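Step one of this worksheet: look at the structure below.
The values are calculated or read from the model by the stated rules, or taken from the named source; none is laboratory data. Quantities reported herein were computed from a predicted structural model and do not represent experimental measurements. Virtual Cβ from ideal backbone geometry, glycine too; neighbours counted across all protein chains shown.
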Amino acid sequence: MSDVVHRGFWGRIAPALTLVFLSPMIAEVLPGATRLSAIFVLPVEMGVWGVGALFIRAAVRRWRLGWRNLLLLALALALAEECVIQQTSLAPMVLQIVKGPPYARDFGVNWLYLIWALGYESTLAVILPVMLVELIFPARRESPWLSGAGAAIGTVYFVIASVMAWFSWIHYVRIQIFHMPPYAPPRTAMATALALMALLVLAALGPTKRILARPSRPLPAPSAWSVGAFAFAVAVLWYGLVLLAFAIKPDFPPLAAATVGVAVAMAGLHFFPRWSADARWNDRRSYAAVFGGIGGSMAAGFVGFIGATPFDLYGKIAVDALAFVLLIVLGVKRLQAAPTQDRSEAPSK
């Protein structure tokens, strides 16, 4: 994947289009949340996840903000998906692996599932796709990738896709496919979700945005292999959280599951930003983090394909294998250009 010459219309918009496509591919298709038999929903997912990720990245780059701002905006997008658009964290779960009383559901919220979804969607739909596309287009890394016209088109696409996702899931999939009764979340739950989203956006882009944009205190960055292994482990452990949310082991204490999940999330938030603030951090380590995170989610996702149709199972194997090859090609081509250089060795500007 060599650098795209960004003269001309298509070259200028190539990074934005790539992010819009890769965001739902990484978050939905490669792990298997969207199976090949349902791939027709990909354009809708591109409108919600892809355009949402593009808008978030554009805001962070335009105002030269940091990873905390990016994370808060990504969490706001995930909260919108979970509580407003598809409402999967508010409505009763459509799937319980072991039938029985609702697992980890209190006050009208599937709270363990919500914890999982916020971490998973903010990382797999926004953070990792942004990192990957910046590795594909390193010369465009500092630009927002979004013009005024692009923002207008993206807004329309996002709104239409969100309405389609809401209508198809709430009024068709839940009722016709999963045979669940109609559900409308309480107004207080919706109001609370909207208020939290507003607070996250305000914190990320409002008066506190410069405070959040301050660099993390560096920690010595480990080798790229260690970074990749750590990202892989976090992704696999996080997938275990959603299996528990689906009641795979209903006698497991939900609070214990949440405690483990929060510990995993805090470990990731403690190490990755501080490693990346170290002068030794380079594209090799960024690539390793992306490769490990995507690889872990793809590998763990096969657990959900036990009993799947051959079409979906072999489809996942084929798509994941293609993604694996393309990631390897990107790593070879991109990292050969500067295999050992890190920021401490880079020439001063």
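Quick test of your reading of the structure: ARG334 fulfils all but one of (1) at pLDDT 75 or above; (2) assigned to a helix (DSSP H, G or I). Name the failing condition by number. It fails just one condition, (1). Criterion applied to VAL234, VAL319, VAL264, VAL325 was being surrounded by fewer than 20 Cβ atoms within 10 Å (Cβ to Cβ), closer than 18 Å to ILE127 by Cβ and modelled with pLDDT of 95 or more, and the one residue passing it is VAL264. Scanning segment 193-209 for residues that are assigned to a helix (DSSP H, G or I), surrounded by 13 or more Cβ atoms within 10 Å (Cβ to Cβ) and free of Cβ contacts under 8 Å to residues at least 24 places away in the same chain yields LEU199, LEU202.
Looking at segment 52-59, can you tell me whether even one residue there is of a type in the set (Lys, Arg), buried (at least 19 other Cβ atoms within 10 Å of the Cβ) and farther than 17 Å from ALA149 by Cα? No, segment 52-59 contains no residue that is of a type in the set (Lys, Arg), buried (at least 19 other Cβ atoms within 10 Å of the Cβ) and farther than 17 Å from ALA149 by Cα. Residues of segment 26-64 that are assigned to a loop (DSSP other than H, G, I, E, B), more than 17 Å from PRO129 (Cα to Cα) and either aromatic (Phe, Trp, Tyr) or out of contact with any helix residue (DSSP H, G or I) (no Cβ under 6 Å at 6 or more places or on another chain) (or both): TRP63, ARG64. Against the numbered list (1) closer than 25 Å to GLY228 by Cβ; (2) touching a helix residue (DSSP H, G or I) at 6+ places or on another chain (Cβ under 6 Å); (3) crowded, with 21+ Cβ neighbours inside 10 Å, TRP67 comes up short only at (3).
Kindly indicate the residue of segment 174-191 that is surrounded by fewer than 16 Cβ atoms within 10 Å (Cβ to Cβ) and in a helix (DSSP H, G or I) and also nearest to the chain's Cα centre (by Cα) among those meeting that condition. Here the answer is MET190. With respect to (1) surrounded by fewer than 19 Cβ atoms within 10 Å (Cβ to Cβ); (2) out of contact with any helix residue (DSSP H, G or I) (no Cβ under 6 Å at 6 or more places or on another chain), the lone exception for PHE272 is condition (1). Considering the conditions (1) over 19 Å from LEU72 (Cβ atoms); (2) crowded, with 23+ Cβ neighbours inside 10 Å; (3) of a type in the set (S, T, N, Q), THR123 is excluded by exactly one of them, (1).
For segment 214-231, filtering for residues that are hydroxyl-bearing (Ser, Thr, Tyr) and part of a loop (DSSP other than H, G, I, E, B) leaves 2.
A Cβ distance below 8 Å, combined with a sequence gap of six or more or placement on separate chains, defines the contacts here; from segment 100-117, residues that are farther than 15 Å from GLN86 by Cα reach residues that are among the aromatic types (Phe, Trp, Tyr) and part of a helix (DSSP H, G or I) in the pairs ALA104/TRP111; ALA104/TYR113; ARG105/TRP111; TRP116/TRP238.
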